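Engineer: What follows is a single structure, and I will ask about it in a moment.
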Amino acid sequence: MPFGTQINGLSVDVEDWFQVGAFEKVIARDDWSGLAMRVERNCDEILQLFDDAGVKGTFFTLGWVAERHPALMRRIAAQGHEIASHGWDHERVFRLGRTDFAADIARARRVIEDASGEAVTGYRAPSFSIDARTPWAFEVLAEQGYAYSSSVAPIAHDHYGWREAPRFAFKPIADSDLVEIPVTTAQFGGRRLAAGGGGFFRVLPYGFSRWAIRQVNREDERPAVFYFHPWEIDPGQPRVAGAPLRSRLRHYTNLGVMADKLGRLIGDFRWGRMDELAAREAARTVAAPVALAA
Ligand SMILES: [Zn+2]
């Protein structure tokens with residue numbers, strides 16, 4: 001029996017092994033097209049895993065990937081999952097500026113919708129890069145009619161994070177229903193820890209993730225938001241030479257055990273699509289007393 005009554009958000013950030021932020025200094029965007037793409041086979045494995053468990057989730061997809069794999073987009077949608085946007089080519093929001101960000105997400109959405117045949121209503125920033133530097137990003141999302149964003153990591157981390165942000169859903173713009181659903185954190189000994197996926201889930205023992213999500217469901221009485229990447233279940237991916245040791249350790253640890261760990265996680269809790277979670281959270285969240293200025 002899955003734990004409790006909260007329906008948590010299950011999400012996949014659809015990007016390939018060469019598109020991660022940790023490798024951007026050693027693999028140029030111009031070289032992406034010449035590399036072996038593994039995202040489609042890895043997503044098919046994830047679709048099988050979800051189907052076996054009878055769960056639905058959300059696939060935050062790069063426009064760059066959707067353009068090259070339209071059949072995959074249609075398969076994901078046909079199996080009842082949500083396809084949302086992860087931007088065009090994984091450039092972080094704080095590097096784009098307002099005008100380029102607006103163009104990036106408009107282009108990604110158009111291509112993803114054309115490929116999948118479904119409307120896109122949700123967005124996740126690459127590397128959770130909406131933070132105190134980008135108070136305009138939510139305005140742009142609202143202007144373009146998005147229902148929700150899941151783009152904030154309310155922690156301090158070496159690559160990302162906005163430690164002052166709320167831990168749970170908030171409406172960042174006073175006259176808009178746009179809701180932000182931050183990725184899950186846990187409170188431990190007075191500290192906030194990342195607890196929604198990524199290296200945290202893959203590297204640490206599974207029991208830690210189970211404890212954290214139970215704490216969020218039971219003590220905070222809120223849904224958790226979990227994310228992972230297709231390359232995290234792929235021990236056969238090419239190894240990137242020349243990346244910093246710390247990045248390589250984080251990227252390649254425990255790839256072989258990830259599918260089993262995911263299976264346990266999916267079986268231990270209740271899961272659903274992010275758009276449905278966002279609608280429930282929006283209904284219980286009043287518009288936004290959150291100070292967004294840096
Ligand atoms: Zn990403």
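Engineer: At a threshold of 8 angstrom on Cα-Cα distance, excluding pairs fewer than six apart, so keeping six or more, what relative contact order does the chain reach in percent?
Structural biologist: 26
Engineer: What ranking do 272-285, 3-16 get when scored by the average of other Cβ atoms within 10 Å per residue, highest first?
Structural biologist: Most protected by this proxy first, the peptides run 3-16, 272-285.
Engineer: If you don't mind, another one. Rounded to the nearest 5, what % of DSSP beta bridges with both residues in the chain are antiparallel?
Structural biologist: 20
Engineer: Going toward the positive end of the dipole of the stretch 2-94, with +1 on Lys and Arg Cβ and -1 on Asp and Glu Cβ, which of GLY9, LEU47, TRP32 do you reach last?
Structural biologist: Selected residue: GLY9.
Engineer: With the full set of protein chains in place, find how many percent of the accessible area of the stretch 107-173 is carbon and sulfur; take the probe as 1.4 Å.
Structural biologist: Ligands and nucleic acids excluded, carbon and sulfur give 45 percent.
Engineer: Let me ask you something else. So, with +1 on the Cβ of K and R and -1 on the Cβ of D and E, and no other charges, what is the size of the charge dipole of the stretch 1-125 about its Cα centre, to the nearest 20 debye?
Structural biologist: The dipole magnitude comes to about 260 debye.
Engineer: Counting Lys and Arg as +1 and Asp and Glu as -1, each charge on the Cβ, what is the dipole of the stretch 179-245 about the Cα centre in debye, to the nearest 20?
Structural biologist: The calculated dipole for the stretch 179-245 is roughly 200 debye.
Engineer: Let me ask you something else. Classify the chain from the C-alpha gyration tensor, please: rounded if a/c falls under 1.5, else prolate or oblate depending on whether a/b exceeds b/c.
Structural biologist: In terms of gyration-tensor shape, rounded.
Engineer: Given points 7 Å out from each Cα along the Cα-Cβ axis, report the ALA283 to ARG191 separation in nanometres with one decimal.
Structural biologist: 3.8
Engineer: With both bridge residues required to lie in the stretch 124-240, what share of the DSSP beta bridges run antiparallel, to the nearest 5%?
Structural biologist: The antiparallel proportion sits near 65 percent.
Engineer: Antiparallel versus total DSSP beta bridges in the stretch 61-199: what percent is that, nearest 5?
Structural biologist: 50
Engineer: Separate question: Using the Cα centre of the chain as the reference point, and only Cβ charges (+1 on K/R, -1 on D/E), how large is the resulting charge dipole? Debye, rounded to the nearest 20.
Structural biologist: Computed about the Cα centre, the dipole is about 900 debye.
Engineer: Can I ask one more? Please report how far the C-alpha centroid of the stretch 203-254 lies from that of the stretch 22-48, rounded to the nearest whole angstrom.
Structural biologist: 18
Engineer: Once phi is turned into θ = phi - 60°, what whole-Hz ³J(HN,Hα) does the Karplus curve with 6.51, -1.76 and 1.60 give for every residue of the stretch 270-285, x standing for Gly and Pro?
Structural biologist: Taking θ as phi minus 60°, the curve returns 8, 9, x, 6, 5, 5, 6, 4, 4, 5, 5, 5, 4, 5, 9, 10 Hz for the stretch 270-285.
Engineer: List every residue whose amide H lies under 5 Å from the amide H of TRP271, counting only residues 5 or more places away in sequence or on a different chain, with H placed 1.01 Å from N in the peptide plane.
Structural biologist: Here ASN8 satisfy the definition.
Engineer: Under a no-solvent Debye model with one identical scatterer per Cα of the stretch 189-294, what's log10 I(q)/I(0) at q = 0.11, 0.16, 0.19 Å⁻¹?
Structural biologist: Summing over Cα pairs of the stretch 189-294 leads to -0.47, -0.88, -1.07.
Engineer: Here's something else I'd like to know. Provide the per residue accessible area, probe 1.4 Å, for the chain, rounded to a whole number of square angstrom.
Structural biologist: 42
Engineer: Report Rg (one decimal) and Dmax (nearest whole number) for the stretch 116-184, counting Cα atoms only, units Å.
Structural biologist: Gyration radius and largest Cα-Cα distance of the stretch 116-184: 11.9, 38 Å.
Engineer: Okay, next question. Suppose each label sits 7 Å from its Cα in the direction of the beta carbon; what would the ARG239-ARG98 distance come out to in nanometres?
Structural biologist: With each label point 7 Å from Cα toward Cβ, the separation is 4.7 nm.
Engineer: For the chain, with the dipole built from +1 on Lys and Arg beta-carbon atoms and -1 on Asp and Glu ones, taken about the Cα centre, which of LEU141, GLY236, HIS86 lies farthest toward the positive end?
Structural biologist: Comparing the listed Cα positions along the dipole, GLY236 ranks first.
The values are calculated or read from the model by the stated rules, or taken from the named source; none is laboratory data. Just so you know, these numbers come straight off a predicted model, no measurement behind them. As a convention, Cβ positions derive from the backbone with ideal geometry for all residues, glycine included, and neighbour counts pool all protein chains shown. The accessibility values were calculated without ligands, DNA or RNA, using every heavy atom of the protein model including side chains. Shrake-Rupley method; radii C 1.70, N 1.55, O 1.52, S 1.80 Å.
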